[in-house]
């Protein structure tokens, strides 16, 4: 190590301060561990704050046929049956308790006439299931957890700190290395166990609802430390992002607009979702709605700026709209000059969420590297090929808690201060500092240019519709950009230097982009968010596997891994979904679902 | 691409030796370029170094917000210009700054709503400067730790029944996105520098959301009067004016709290009751007047 650096010690290091990180930190601290939460931004600004619709939980406060079993079935069917069924099982059972727990910690929810928690309809959920407060449920959730965490003994927060590498001792993760954004000082954190709760990645695409933070640092760091990533090909396009004005392009328009009755129309005024999904219509799953909008635009029935009209004005009174969708009213008024209680919105697909991530054990969130856990969007398995709206806020609560508890156990059983090798620290330091000191002359590369070129490659060639040809083009581009990224150079110093910070982000995005593209090439079928023009149908064999990425000999390898099928006594649960179609059941589950009971529903 | 760089003599931090190839390309139908440019005067510098304003001509795009212009400068002219931002949709409260002297969120301030002429962007004045547009807002997080958290009666069974009317009243306070513009504009902080003895509008809103929650059993009135410095507020409503979430901070949080504190300490009837009971204000007592 050529320069001094701060050192921190803790039992459990939580990377990320969104809902999953905060819930994990509360669990770890309650288990008696000193817990350090590291956040790239200020506390309370994480992506959770953007979640609008609500938390899906089978409370059955409005629709009595609902239950955790129906929630299980909807989530499995939405994920095209390649979810980890055990994660879905734990999730649908436990999310109910997590909602009540949040309420007991001071979180607010809208109420029914009886004073119970109100629930709203959402895409591909059989019943009214999303617990919400207005259209700002994510803000409510993060503020409640933030306050709970701050007042839980044993927790500490380090804000505006970027971590660049996981440190290992033997085969085990023992901490992380990074820098403080506001001073540029280097920092080494030694920890008994690490929870990766760093969220997803969307910034490698041009049009995304993700903030600058969504660069995939967590997945990239875990991959580099030897962890397996899974389902990386599945990147969710939210069907409704803003498309005009240009600066607002990609900003999320909540699905709650459709949950509250809004409908999509094309330029001819047709409610086109009736054609694509006659049963669920505008509240079909996100992959289906996004593709439908794309197809309408391709067919020449798009809006002036190349999207669809989203109409709530003709479906609800102005007063209702202002009450139920206040932040949407405000967003369109401020950014687009559109009054959504009078006029339709113009919307189009935007990169929103990543179903893939770090491969984890369903019970504990343990990754394939000892000492490293993952939860929330950074982890894979719960959502399969497509996430249902409302299942991410539940995910972070259920699996944040589980990962926090398991990491605490692991840290306690370890004992003693982990050693950190000087060689690892020296390498980590060199990597971080290089863009500020690299002497390259004419060969220097601008990180913003590399980022822009990556966004173009990913948006155009690995976006909503893909083919072998386009994906190979993207892979070549990533290879070339990775080579150029070795020569990034920025001016300025180390105090709050966005150019320097971008260099780090670009490296993470390149690693994660490569994983997305390699898995998308391997999955030669269309399923959920993966839409292959050259393989438009599902493939029976591929419905029984996940693709896993890991590093072998410095190169990225993709491997097909058989997924654990649902046990025979679980398969019949699928029939509890209102959207269950026996004819669509894959062959390996055929005959395991009894004939439908006409009395059901 | 419009806009020559104006390199003012007062521009701080050298741009260093990094490459400076343009990032944003020529106009396309989707780029929405209006053909005009915006003059952005943006504060640059850090304590102990040179400080001043750098002026940039930024190509104007339809519907452009101030944050878009700052990002354009970062990408194309000065990769070392620091600003905070996250969601760019008015939901996280990160990009607080003072535009033409007014505390605003840069992501919600459209250039076409500002008077013609240069647009001046400065960091929030009431917080210590770190660099360029970024200030040290950590004291807010320290203040929050002083406020006892939401606390329900342990035997209050699940599920709770709460009326929507109560939620609606609390929801206004809970909308706060912690942009700290109210803390910035408040003259108790800004002019009198009393932040060490004054929670400030953001945290009066926070306390109000706890005190008015029908299931919370604590009483934070003494805290408000003493450590909170509630009495310093003389209800000039500057906080309400700058709130990007339109929270009626003064009317719906501060004044009701002032009334509760006055009830606890100055109401003659309550004074007599306390004398007869032989106790001062304590936890739990406040629940009666909710």
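The values are calculated or read from the model by the stated rules, or taken from the named source; none is laboratory data. Note that the coordinates shown come from a computational prediction; the quantities given were computed from them, not determined experimentally. As a convention, Cβ positions derive from the backbone with ideal geometry for all residues, glycine included, and neighbour counts pool all protein chains shown.
Figures for the structure shown
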| quantity | calculated |
| --- | --- |
| Test: residue in the stretch A:460-469 that is assigned by TED's automatic domain parsing to the domain that holds residue A:486, part of a helix (DSSP H, G or I), over 18 Å from residue A:185 (Cα atoms) and touching a helix residue (DSSP H, G or I) at 6+ places or on another chain (Cβ under 6 Å) | yes |
| Any hit, the stretch B:117-126, residues being in a strand (DSSP E or B), buried (at least 23 other Cβ atoms within 10 Å of the Cβ), touching a strand residue (DSSP E or B) at 6+ places or on another chain (Cβ under 6 Å) and in the same structural domain as residue B:72 (by TED's automatic domain parsing) | yes |
| Members of the stretch B:74-91 that are more than 7 Å from every other protein chain (Cβ to nearest Cβ) and more than 24 Å from the chain's Cα centre (by Cα) | B:76, B:77, B:78 |
| Leading residue by the ranking (farthest from residue A:488 (Cα to Cα)) among those in the stretch B:92-116 that are part of a helix (DSSP H, G or I) and either facing chain A (nearest Cβ under 7 Å) or touching a residue at least 40 places away in the same chain (Cβ under 8 Å) (or both) | B:112 |
| Filter pass, residue A:240 being touching a strand residue (DSSP E or B) at 6+ places or on another chain (Cβ under 8 Å), within 14 Å of another protein chain (Cβ to nearest Cβ) and within 27 Å of residue A:284 (Cβ to Cβ) | yes |
| Qualifying positions in the stretch B:143-169 - within 28 Å of residue A:59 (Cβ to Cβ) and buried (at least 20 other Cβ atoms within 10 Å of the Cβ) | B:150, B:162, B:167 |
| Flag for residue A:456 being within 9 Å of chain B (Cβ to nearest Cβ) and closer than 23 Å to residue B:73 by Cβ | no |
| Some residue of the stretch A:326-341 being under 13 Å from residue A:264 (Cα atoms), more than 11 Å from chain B (Cβ to nearest Cβ) and modelled with pLDDT of 95 or more | no |
| Positions within the stretch B:210-222 being assigned to a helix (DSSP H, G or I) and within 15 Å of residue B:262 (Cβ to Cβ), in sequence order | B:211, B:221, B:222 |
| Residue count for the stretch A:104-123, restricted to those that are within 8 Å of chain B (Cβ to nearest Cβ) and in a strand (DSSP E or B) | 2 |
| Residue satisfying condition, being within 14 Å of chain B (Cβ to nearest Cβ) and under 21 Å from residue A:376 (Cα atoms), within set A:160, A:185 | A:160 |
| Residue A:9 being out of contact with any helix residue (DSSP H, G or I) (no Cβ under 9 Å at 6 or more places or on another chain), in contact (Cβ under 8 Å) with a residue 60 or more places away in the chain and not in a loop (DSSP other than H, G, I, E, B) | yes |
| Some residue of the stretch A:367-378 being under 17 Å from the mean Cα position of the chain (by Cα) and on the phi > 0 side of the Ramachandran plot | yes |
| Where residue A:213 falls short, out of the listed (1) within 14 Å of another protein chain (Cβ to nearest Cβ); (2) in contact with a strand residue (DSSP E or B) (Cβ under 7 Å, 6 or more places away or on another chain) | (2) |
| Residues (within 14 Å of chain B (Cβ to nearest Cβ) and in contact with a helix residue (DSSP H, G or I) (Cβ under 8 Å, 6 or more places away or on another chain)) located in the stretch A:498-515 | A:498, A:499, A:500, A:502, A:503, A:504, A:505, A:506 |
| Candidate set: the stretch B:27-72, residues that are assigned to a helix (DSSP H, G or I) and surrounded by 21 or more Cβ atoms within 10 Å (Cβ to Cβ); chosen: the one farthest from the chain's Cα centre (by Cα) | B:72 |
| Condition met for residue A:244 (more than 17 Å from residue A:50 (Cβ to Cβ) and modelled with pLDDT under 95) | yes |
| The one condition in (1) in contact (Cβ under 8 Å) with a residue 40 or more places away in the chain; (2) over 25 Å from residue B:150 (Cβ atoms); (3) not in a helix (DSSP H, G or I) that residue B:193 fails to fulfil | (1) |
| The stretch B:120-162, residues that are without any contact (Cβ under 8 Å) to a residue 40 or more places away in the chain and at the interface with chain A (Cβ under 7 Å from one of its Cβ atoms) | B:141, B:145, B:158, B:159, B:161 |
